[in-house]
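Q: A single structure is presented below for examination.
The values are calculated or read from the model by the stated rules, or taken from the named source; none is laboratory data. In this text the structure is predicted, and so the values were computed from the model without any measurement. Note that we place each Cβ from the backbone using ideal geometry, even for glycine, and neighbour counts take in every protein chain shown. Note: accessible area is taken over every heavy atom of the protein model, side chains too, but ligands, DNA and RNA are not part of it. Shrake-Rupley method; radii C 1.70, N 1.55, O 1.52, S 1.80 Å.
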Amino acid sequence: MASYVDLSRPGPIVELGPGTGPVTKALLSRGIPLDRLVLVEYETKFCHLLAERFPGAKIVQGDAYDLKKTLEGHLNGQVSTVVSSLPLLIRPEHDRIELLHQAFELMGPEGLYIQFTYGLTISPMPIHSHGLSGAYVGKGSAPVLLNFPPARVWRYRRAGHAAGFSK
């Protein structure tokens, strides 16, 4: 997931559902400074754990599915990228679509939404649903078979900005 983040694009990088921090650790290893990360976590116990593991990290406890409200007052500039480990496939389609819309409102049209999923055959974001078709484009990675269970990483961009899928 971290390899898809464009380090040259300025602005905060928002991680949704960091849990215990494995993706956070990968983002930091990739060279992303801690002060660029904004970690959005719902569970109090994970927020405390993240604060211990990543001292000085900006941790926002709140609902990622109400992203704009959750991040209100916590951002310094336009968001560069959203990196998500949320279990999207268990959420209603409407919630997923609203999350994607809100993420791109915060990122602007050239933003990149990166999503981890165990769903190997379908996009976790319903980009072809009624009323949404043509607004976004998605590209899935090859299955990561060494992960158990196997997983994929999907990237989403606004239509017209898909040339940004460099890998």
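Q: Take the residues in region 10-29 that are in a loop (DSSP other than H, G, I, E, B) and over 15 Å from the mean Cα position of the chain (by Cα), then tell me which one is surrounded by the fewest Cβ atoms within 10 Å (Cβ to Cβ).
A: By that ranking, first place goes to Pro10.
Q: Give me a count of the residues in region 126-148 that are surrounded by fewer than 11 Cβ atoms within 10 Å (Cβ to Cβ), closer than 20 Å to Phe116 by Cβ and either at pLDDT below 85 or in contact with an Asp or Glu (Cβ under 6 Å, 6 or more places away or on another chain) (or both).
A: Summing the residues that are surrounded by fewer than 11 Cβ atoms within 10 Å (Cβ to Cβ), closer than 20 Å to Phe116 by Cβ and either at pLDDT below 85 or in contact with an Asp or Glu (Cβ under 6 Å, 6 or more places away or on another chain) (or both) in region 126-148 gives 3.
Q: Would a scan of region 97-111 turn up a residue that is surrounded by fewer than 19 Cβ atoms within 10 Å (Cβ to Cβ), part of a helix (DSSP H, G or I) and in contact with a helix residue (DSSP H, G or I) (Cβ under 6 Å, 6 or more places away or on another chain)?
A: Within region 97-111, none of the residues are surrounded by fewer than 19 Cβ atoms within 10 Å (Cβ to Cβ), part of a helix (DSSP H, G or I) and in contact with a helix residue (DSSP H, G or I) (Cβ under 6 Å, 6 or more places away or on another chain).
Q: Go through region 30-45 and give me each residue that's of a type in the set (A, V, I, L, M) and in a loop (DSSP other than H, G, I, E, B).
A: Answer for region 30-45, where residues must be of a type in the set (A, V, I, L, M) and in a loop (DSSP other than H, G, I, E, B): just Ile32.
Q: Also, I was wondering about something else. For region 46-57, state whether one or more residues are surrounded by fewer than 18 Cβ atoms within 10 Å (Cβ to Cβ) and assigned to a strand (DSSP E or B).
A: No; the residues of region 46-57 include none that is surrounded by fewer than 18 Cβ atoms within 10 Å (Cβ to Cβ) and assigned to a strand (DSSP E or B).
Q: Scan region 58-78 for residues that are touching a strand residue (DSSP E or B) at 6+ places or on another chain (Cβ under 8 Å), outside any helix (DSSP H, G or I) and closer than 18 Å to Gly19 by Cα and jot them down.
A: Answer for region 58-78, where residues must be touching a strand residue (DSSP E or B) at 6+ places or on another chain (Cβ under 8 Å), outside any helix (DSSP H, G or I) and closer than 18 Å to Gly19 by Cα: Lys58, Ile59, Val60, Gln61, Gly62.
Q: In region 76-96, which residues are within 15 Å of the chain's Cα centre (by Cα) and either open to solvent by less than 20 Å² (accessible area, probe 1.4 Å) or of a type outside the set (S, T, N, Q) (or both)?
A: Once the filter is applied, which keeps residues that are within 15 Å of the chain's Cα centre (by Cα) and either open to solvent by less than 20 Å² (accessible area, probe 1.4 Å) or of a type outside the set (S, T, N, Q) (or both), region 76-96 yields Val79, Ser80, Thr81, Val82, Val83, Ser84, Leu86, Pro87, Leu88, Leu89, Asp95, Arg96.
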